[in-house]
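J.: Below is a structure I'd like to ask you about.
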Amino acid sequence: MHMFEYFDLSRQGLDLDSLSQEQVAIDVRDLTLTFGNKRALHHINMQVPKRHVTALIGPSGCGKSTLLSCFNRLNDLVPNCVVAGEVHINGRNIYHRKEEVALLRRQVGMVFQKPNPFPMSIYENLVYGLKIQGIKDRRTLDNAVEQSLRDVALWREVKDRLFESALTLSGGQQQRLVIARAIALQPEILLLDEPTSALDPISTLTIEELITQLKEKYTVLIVTHNMQQAARVSDFTAFLHQGHLIEYSDTDRLFTRPKEQQTEEYITGRYG
Amino acid sequence: MFKRRFFARQKDGLPIVGGAALVAIILLLLCGMVGIMLVKGMQHFWPNPLYQVSYVDEQDQPQQMFATLLSRDFITTRGQKRWLFNQAKLYQFSDQQHLLRQEQIITLLALPDLIDVQLRSGNRLFARLNGLTFAGKAVDINRLPNVLQDVSVEVAAISAIEQGRLAAIHQLLAEYDRRGVEVDAPARVKLEDEFAALMAELKSRRSQMAQFELQLLFDSGQSYALPLWEVEKYQQINQQTAVQRFATFLSNIWEFVSDTPKRANSAGGVFPALFGTVVMVLLMTLIVTPLGVMAAIYLNEYAPENSLTSLIRIGVNNLAGVPSIVYGVFGLGFFVYQVGGNIDKLFFSEHLPAPTFGAPGIFWASLTMAMLTLPVVIVATEEGLRRVPNSLRQGSYALGATQFETLWRTVIPMASPGIMTGVILAIARGAGEVAPLLLVGAVKFAPTLPLDGEFPYLHLDRQFMHLGVLIYDGAFHSNSIGHGSSMMFASCLLLLLVVMTLNIIAVMVRSRLRRQYQAMAGHW
Ligand SMILES: Nc1ncnc2c1ncn2[C@@H]1O[C@H](COP(=O)(O)OP(=O)(O)OP(=O)(O)O)[C@@H](O)[C@H]1O
Ligand SMILES: [Mg+2]
C-alpha cells in the first residue's frame, strides 16, 4: 500500500518548464542520432530533473534504449552511430571532443534489461569499477561493497556468501547486484533500461521499491514497457514515438490528462 | 496406424544405426592402432628365453648359435614363412637376425646357464656361463651379483678420481706449461708427484679389479675370459621365475625411458628423445599461445569489420592447410639462415665461422612448430572470444572500463577455455610432426640435452633428439629386422603417451577454467 505514498510525494512542486540550473541533471539539446543512414532520434529536447525518477515510455523500437545510452555514450561502441546536438551533464557537454568517456561512465551508471553479472564472485563484481579506478585499499573496497549492497537491500541475503560466484544468485538478486555494482561507483545518475522485464512479480516489486528509495541520492532514468510501473515509480514521464519526443510532463498529468492524441492512444492501449 | 509408426521409427533409426556403426568402426580402428603399438611395443621389453639353436645351414652343415626366438612365423619380403632368431655376439656392433626354415632346425634348448651380458661399451652378447674367477682361481658363482656390485662401485670410484682430482691436476699442470713455470719449481714438482701417485694408485686398483673374470663359452665352442669390469649387467633369463621376469620387464621399461640410446638407436633407451620432444613442445606452446591469442584479439576485437580483415581471416584459415614440410623449409631458410645468421653476426661474431644460432637448433624448431600451429590457436581463440556475451562487454564499459581493461579483466578470462582448446590442438599437432623438425634442429643423435645443469641451463641453440624423428629413422634406416623395429614400436607407444599426457593436462586446465567461468553454459 505504501507504494501510493510515493505517488503523492512525487509532486514536490517541480515544474519542468521552469527548472533552475541546479535542478537539472541532464540537459538534452536538439539531440539527433543516426545509425548509418537510419535516423533513430529526432531533435530531442528535454531536461531531466535531479534526484527524481524519470520514466521513458513508448512502443518497441521508438528509441528509448538509444536515448538512454546517449547519456553515458555507450552508443560510441556502435561503429556507424553519429550523434548531433548536445547533452549537458554537470554543466558540460558530454559530446565535447575532450570529454573523458570512462570518467563520464562512472558518473552515469547503467543497468541493462537482462542481469549481466560477471562470472566472478559477488565481491569481485561489486569492486570491478573501483579496481579499474586503481583503488586497492581493502577497507575502502569492503566498505563500498557493504554500502552498495545495503542500498539495494541485498546485504542481508548475501553477506555470508560474498565470495561465491555471482551466477549462483537468483535473477532478481542478480539484477539488484548489478544495480549495486553501478551504485558502488557513487554515480550521480542511474540509467535503468527495462530493469524488471526479465524478473518475476516479487522481484519486480522489490526493485520498484528500491528505485523509489534510490532517488533520495541519485537521479534515476528508467525505460519501461509497463505503464503501471511508470505510473508507480516515476515522477516524470517522457513518451517517445518513432524517435520523436512526443510528450514530456509529470507522470500524474501524462497518465491522467495527456495533451497529445498519440500519447493517449498509447497509454490507453489503442496504439498499433 | 501401428505399422506407420513402426516405419516412421525405422526411418528415424536408420541414420542413427548407421552413425553408431561408423563410430564403432572408428573406435575399433583406434583401439586396433593403440593395441598394435601396445603389443609390439611391450614385446620389446619382455625378456625372451635364450636358446641354444642347433640347425643345418644352406650347405647342409650342422651349426649352433645362441639366440632368442623373436617370431615363429615371420614373413619375409618374398612372402616366405621363417623362424626369426636374434643373435648377439661379442665385438659385433648390433644384434644379428637369422631366418631359418622349420626343417633346418634340429633342436632348441633353453640351457639354464645361458647368459645375456650387457657391456659398458653398449654391446651385448649371448654365451654360456662357465664360472667366475679371480686371478685364475675359481670364485663361488653364487657370489657373482655381489662381486659385480663391488666392481661397479670401484669403476665409479675410479672414474670419479679421474674426472675429479686427476683432471684438476692435469689442468693446473697445463696452466704451468702455458705460463712457462720451471720444471723444478717446488709447487710443480709436488703436483707432478701427486699426479704420479694417483696414476699408480689407479693402475693398481684397475689391475686388481681386472683380476675378476667371467668365464664364458661361445656358440662356436670357443671359451673366453671376459673382464668383469666390462660388464654393465647380465641376465640369466632361463633361470628366472615369472616374478623375476616381470621385474626384468619393468626394469627394461625403466631403462627405455631413462637411458640414452646405444648402438645406433637400436638398443638402450630413448630418454634424450623423450626429453627433447617435451622441451620442444613446451617451448612451442610458450611461443604460440601469446602470439595466437594476440592475433585473435586483434582480429576479433580491434580490426574493423571490412574486406581486408576477412581476407586475413581466410588467409589464417588456409595457413592451417599448408603442408608441414613447407614450414620446415621456411624455418630453415628464414629463421635459421636469415635470422640466425644475422644474430650470429651481431652477437656471436667471435665464434664465427662456427654458427651458434645460424644452425638448426631447438629454438628454431620450436619457433617453426609455433608458426605451424599458430592458425589453430588463432581460430580457437577467436571462437572463444566470439562466445563471450556482448552484454558482459557492455556491462564492463558501463562501469568506466576502457576497451583494454574490458578485454583484460572480463573477455580474455572468459575466452580462456577457448584458448586452451587451441593450445590442446596445437600440442597434439606439434608433438606429432616430424618432417619440419628434420630440417630445423632434430637429429638422430645429439650428445647433449637442450636443458641441463650447465649455464645458461636452457640451450636454445642446441640440436635435440625427438621421438618422432627416432621412429622415422628406425622405420627407414634400420637394417635389423626384429629388434630395431620393436624399439620403434615402443617409441611410438611412448610418443602416444607423451601426446596424451600433455593433452590430458591441458584438458584438465581447461575444465577448471570452464568451471570457473561457467557462464558459457548458456547463462545468457
Ligand atoms: N546498433 C544499431 N544499428 C542500427 N540500428 C539500430 C541499432 N540499435 C538500434 N537501432 C535502431 O534504432 C531504433 C531504436 O532502437 P532502440 O533499441 O532504441 O528501441 P527501443 O525503444 O529501446 O525498443 P525496445 O523497447 O524494443 O527495447 C530501432 O529502429 C532500431 O532498429
Ligand atoms: Mg530497448
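J.: Please verify whether segment B:361-381 includes one or more residues that are within 30 Å of A:R73 (Cα to Cα), touching a residue at least 24 places away in the same chain (Cβ under 8 Å) and within 14 Å of another protein chain (Cβ to nearest Cβ).
T.: Looking through segment B:361-381, none of the residues is within 30 Å of A:R73 (Cα to Cα), touching a residue at least 24 places away in the same chain (Cβ under 8 Å) and within 14 Å of another protein chain (Cβ to nearest Cβ).
J.: Moving on to the next point. Of all residues in segment A:51-90, which are part of a loop (DSSP other than H, G, I, E, B) and within 13 Å of ligand 1 (Cβ to nearest atom)? Steps first, answer last, please.
T.: Residues of segment A:51-90 that are part of a loop (DSSP other than H, G, I, E, B), as a first pass: A:51-52, A:58-63, A:69-73, A:78-80, A:90.
Listed by number, the residues that qualify are A:G58, A:P59, A:S60, A:G61, A:C62, A:G63, A:S69, A:C70, A:F71, A:V78, A:P79, A:N80.
J.: Looking only at segment A:141-153, decide whether some residue is more than 14 Å from chain B (Cβ to nearest Cβ) and touching a strand residue (DSSP E or B) at 6+ places or on another chain (Cβ under 9 Å).
T.: Scanning segment A:141-153, I find no residue that is more than 14 Å from chain B (Cβ to nearest Cβ) and touching a strand residue (DSSP E or B) at 6+ places or on another chain (Cβ under 9 Å), so the answer is no.
J.: Within segment A:41-70, take every residue that is more than 9 Å from ligand 2 (Cβ to nearest atom) and in contact with a Gly (Cβ under 6 Å, 6 or more places away or on another chain) and give me the one that is farthest from the other protein chains (Cβ to nearest Cβ).
T.: Among those that are more than 9 Å from ligand 2 (Cβ to nearest atom) and in contact with a Gly (Cβ under 6 Å, 6 or more places away or on another chain), it is A:H42.
J.: Further, regarding this structure: List the number of the failed condition for A:L192; all other conditions in (1) away from chain B (no Cβ under 14 Å); (2) within 15 Å of ligand 2 (Cβ to nearest atom) hold.
T.: Of the numbered conditions (1) away from chain B (no Cβ under 14 Å); (2) within 15 Å of ligand 2 (Cβ to nearest atom), the odd one out for A:L192 is (1).
J.: Out of (1) modelled with pLDDT under 90; (2) closer than 27 Å to B:L319 by Cβ, what's the single condition that is false for B:A354?
T.: Result: B:A354 passes all but (2).
J.: Right, next: Can you tell me which residues in segment B:39-80 are touching a strand residue (DSSP E or B) at 6+ places or on another chain (Cβ under 7 Å), at pLDDT below 85 and charged (D, E, K, R)?
T.: Once the filter is applied, which keeps residues that are touching a strand residue (DSSP E or B) at 6+ places or on another chain (Cβ under 7 Å), at pLDDT below 85 and charged (D, E, K, R), segment B:39-80 yields B:R72, B:D73.
J.: Still on this structure: Inspect segment A:107-130 for any residue being part of a loop (DSSP other than H, G, I, E, B), crowded, with 21+ Cβ neighbours inside 10 Å, within 15 Å of ligand 1 (Cβ to nearest atom) and not polar (S, T, N, Q) and give the result as yes or no.
T.: Taking every residue of segment A:107-130 in turn, at least one turns out to be part of a loop (DSSP other than H, G, I, E, B), crowded, with 21+ Cβ neighbours inside 10 Å, within 15 Å of ligand 1 (Cβ to nearest atom) and not polar (S, T, N, Q).
J.: Being touching a helix residue (DSSP H, G or I) at 6+ places or on another chain (Cβ under 8 Å) and of a type in the set (D, E, K, R) is the filter here, so list the residues in segment A:125-143 that pass it.
T.: The one that is touching a helix residue (DSSP H, G or I) at 6+ places or on another chain (Cβ under 8 Å) and of a type in the set (D, E, K, R): A:K131.
J.: Return yes or no: is A:S170 farther than 22 Å from A:S60 by Cα, free of Cβ contacts under 8 Å to residues at least 40 places away in the same chain and either basic (K, R) or within 14 Å of another protein chain (Cβ to nearest Cβ) (or both)?
T.: Considered against the rule, which asks whether it is farther than 22 Å from A:S60 by Cα, free of Cβ contacts under 8 Å to residues at least 40 places away in the same chain and either basic (K, R) or within 14 Å of another protein chain (Cβ to nearest Cβ) (or both), A:S170 comes out as yes.
J.: How many of the residues making up segment A:168-212 are more than 14 Å from the chain's Cα centre (by Cα), outside any loop (DSSP other than H, G, I, E, B), at pLDDT 90 or above and crowded, with 18+ Cβ neighbours inside 10 Å?
T.: 3
J.: Mind checking which residues of segment B:292-317 are in contact (Cβ under 8 Å) with a residue 12 or more places away in the chain and more than 14 Å from every other protein chain (Cβ to nearest Cβ)?
T.: Correct list: B:G292, B:V293, B:A295, B:A296, B:I297, B:L299, B:N300, B:I312, B:R313, B:V316, B:N317.
J.: Now for a separate question. Just for segment B:43-74: of the residues that are surrounded by 15 or more Cβ atoms within 10 Å (Cβ to Cβ) and either among the hydroxyl-bearing types (S, T, Y) or free of Cβ contacts under 8 Å to residues at least 24 places away in the same chain (or both), which one is farthest from B:L129 (Cα to Cα)?
T.: The extreme case among them is B:S71.
The values are calculated or read from the model by the stated rules, or taken from the named source; none is laboratory data. Being a predicted model, the structure only gives us computed values, none of them experimental. Note that we place each Cβ from the backbone using ideal geometry, even for glycine, and neighbour counts take in every protein chain shown.
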